[in-house]
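Structure first, then comments.
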């Protein structure tokens, strides 16, 4: 029996790497970090788990030797994905439904959200960093079945 491919999704780590992400994202087809990283060591750790797609967030300073884009397009496990830290700014430049994206990932709000718009999934994994703004710490897993994303928000301890 073939395992269902999945994508690990996180945002707003703000310099904190939760060691539980190692197990949560083990075996992922890819990982997406939607910005506000805070420490480039987090990226190295995530790259050790799976191929990584990452965008800069509004609090990310330019890291020497890293040229993080404000948005990225990637295909993982057959899904066409677009990523940007602030979803509203992405929508000002793109029409993900018309452009045929399967999954739109953003962060910034520290509040996990899952919304379907027609056949496109809009996902905010919430914040995987230290708790802020009274929000729980979360990440997301996106199972991919028959080229369709099936999201799960995961509470981090």
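Among 130, 45, 98, the residue with the largest mean-square fluctuation in a Gaussian network model of the chain, with springs joining Cα atoms closer than 10 Å, is 98. Peptides 112-121, 12-21 ranked from most to least packed, by the mean per-residue count of other Cβ atoms within 10 Å: 12-21, 112-121. Exposure proxy for 89, 131: other Cβ atoms within 10 Å of each Cβ, ordered fewest to most, give 131, 89. Reported value for segment 6-155: 100 Å³ per residue, from the convex hull of its C-alpha atoms. Distance from the Cα centroid of segment 1-46 to that of segment 125-153 is 10 Å (rounded to whole angstrom). Per-residue ellipticity at 222 nm computed for the chain from its helices equals -3000 deg cm²/dmol, with DSSP H segments shorter than 4 residues left out and the rest contributing -39,500 (n - 2.57).
Neighbour counts of C-beta atoms inside 10 Å place 133, 101 in the sequence 133, 101, starting with the fewest.
No value in this document is a laboratory result; all are computed from the given coordinates. Everything numeric here is computed off the predicted structure, so don't read it as measured data. With ideal geometry, Cβ positions are generated from the backbone for all residues, glycine too; neighbour counts draw on all protein chains shown.
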